[in-house]
Amino acid sequence: MDTRELSEVGVSVCIPAYNAGCYIRATLASLIKQDHENVEFLIQDNCSSDNTVEIVKELQKKDSRIILYMNSSNIGYVQNINSLVKKAKYDIIAIFHADDIYRRSIISKQLKYIVDNGADAVFSRFIEINTKGKYLRRYPVFPVQTEKRNFYSGKMEEYLTTLLQKGNPFCCPSFMTKKETYLELGGFTEDFPSNEDMDLWIKYLKNGKRLTIVNEYLVLYRRTLKQGSMYWGELDKIGAFFEVMDRIVIPDYRINNNVLKNYKRRKAKEFLRVYSNCEIRGNKSSARLMLKESKEVYKFKISDNIWVVFQNIPSFYVIIRSIKMKVKRLVLSM
């Protein structure tokens, strides 16, 4: 499809919002400047107690493509998204976040892979920023080492090793797909709290869908202390990502022994992280359990460098983690 025809394809950008008053103005400012203009911006406020609604109403006066919906009660994050998707008038939807910043070309570049390359869902890479918009890092997880590829596209077989050895390569707030496909697969669910996105990506892959990642940093992904992914980093149980892998991925596929070993190593590190969280909070019984789980999943060896020290002298790791958590909170609020 040529550029002129591509510009005629409509896209519904769905933005669930809750107490996003600090950031939603910047988010919408980045979106209304998109080089793809045939777009509707659907914002559904989930009973915010701040000025989110007032800001959106103000911006509505400047751009008629902004459409605001307000829930009469808080229906939760997942249902807010799914309700919003059903309201979309276009066949292509994007689910973006109310606190992130988007490069001017994200919609047009991702749309091209759905329309011209047959992708079932498209994502971009992202740069993490803090609450003040300062750059933190470029998120490193990508299925291939080289930076020379314009994109990576594949089904479950192509992504399985990356998921198990590196983690989640898909940037949730860049998600673009066909509305029909999203609804057909059931959309987001609450089966895996705080990892609804990973659950959905696996549904796509297990149903033979092709996922594409554009090898460009088109999202500035804001990390905040209240954010789900940061919140999980300080809880007293391991992240739901591992539950997703253990329950609906590993049992259904033949996995290379080295890949499985590396996955267990990652999981053992996660148990150690949670062990340190429990120790810092004074929850000794849970700490002991997490340390035991770490050793049962994978016992680190000399070849694992510092991790063999952390696992055998866990008090040393607690000191390191305590310092790291303080630094993280400082960096996020600078």
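The values are calculated or read from the model by the stated rules, or taken from the named source; none is laboratory data. Predicted model only: the values in this text are computed from it and were never measured. Note that each Cβ is placed from the backbone with ideal geometry, even for glycine, and that neighbours are counted across all protein chains shown.
Return the residue satisfying two criteria in turn: it lies in the range 186-221 and is part of a helix (DSSP H, G or I) and aliphatic (A, V, I, L, M), and of such residues it is surrounded by the fewest Cβ atoms within 10 Å (Cβ to Cβ). Top of the filtered list is I202.
Filter the range 276-289 down to the residues that are of a type in the set (A, V, I, L, M, F, W, C) and touching an Asp or Glu at 6+ places or on another chain (Cβ under 8 Å) and list them by number. Working first, answer last.
Keep residues of the range 276-289 that are of a type in the set (A, V, I, L, M, F, W, C), which gives 278, 280, 287, 289.
Residues satisfying the conditions are C278, A287.
The residue pairs whose first member lies in the range 297-317 and is within 13 Å of K264 (Cα to Cα) and assigned by TED's automatic domain parsing to the domain that holds Y263, whose second member is among the basic types (K, R) and surrounded by 12 or more Cβ atoms within 10 Å (Cβ to Cβ), and whose beta carbons are closer than 6 Å, counting only pairs six or more residues apart or on different chains, are V297/K264; V297/K267; Y298/K264; Y298/R265. When K134 is tested against (1) at pLDDT below 95; (2) among the basic types (K, R); (3) under 18 Å from the mean Cα position of the chain (by Cα), just one condition goes unmet, and that condition is (3). Taken over the range 111-141, the criterion of being under 13 Å from L211 (Cβ atoms), out of contact with any helix residue (DSSP H, G or I) (no Cβ under 6 Å at 6 or more places or on another chain) and in a loop (DSSP other than H, G, I, E, B) is satisfied by N117, G118.
Inside the range 35-81, residues that are touching a helix residue (DSSP H, G or I) at 6+ places or on another chain (Cβ under 8 Å) and in contact (Cβ under 8 Å) with a residue 60 or more places away in the chain make up a count of 5.
Looking across the range 93-128, the residues that are of a type in the set (S, T, N, Q), more than 19 Å from F142 (Cα to Cα) and at pLDDT 95 or above come down to S105, S108. Checking each residue in the range 89-110 for being buried (at least 21 other Cβ atoms within 10 Å of the Cβ) and in a loop (DSSP other than H, G, I, E, B) picks out F96, H97, A98, D99, D100. Each residue in the range 305-316 was checked for being within 28 Å of L260 (Cβ to Cβ) and either surrounded by fewer than 12 Cβ atoms within 10 Å (Cβ to Cβ) or modelled with pLDDT under 90 (or both), and 3 of them qualify.
Annotation: of all residues in the range 135-171 being closer than 13 Å to Y221 by Cβ and among the basic types (K, R), the one that is surrounded by the most Cβ atoms within 10 Å (Cβ to Cβ) is R138.
Going through Y23, Y18, Y90 one at a time, which residue ends up being within 23 Å of the chain's Cα centre (by Cα) and within 27 Å of E184 (Cα to Cα)? If you could, list the steps in order and put the result at the bottom.
Working: Y23 fails: within 27 Å of E184 (Cα to Cα); Y90 fails: within 23 Å of the chain's Cα centre (by Cα).
Of the residues listed, the single one that is within 23 Å of the chain's Cα centre (by Cα) and within 27 Å of E184 (Cα to Cα) is Y18.
Every condition in (1) under 24 Å from the mean Cα position of the chain (by Cα); (2) surrounded by 14 or more Cβ atoms within 10 Å (Cβ to Cβ); (3) over 18 Å from T177 (Cα atoms) is met by K33 except one, and the failing one is (2).
Counting only helices (runs of 4 or more DSSP H) that sit completely within the range 248-331, those holding 2 or more residues that are β-branched (V, I, T) correspond to 257-280, 306-312. If you check K86 against the conditions, is it part of a loop (DSSP other than H, G, I, E, B), closer than 28 Å to D116 by Cα and either of a type in the set (D, E, K, R) or in the same structural domain as G187 (by TED's automatic domain parsing) (or both)? Here the answer is no, as K86 does not meet what is asked.
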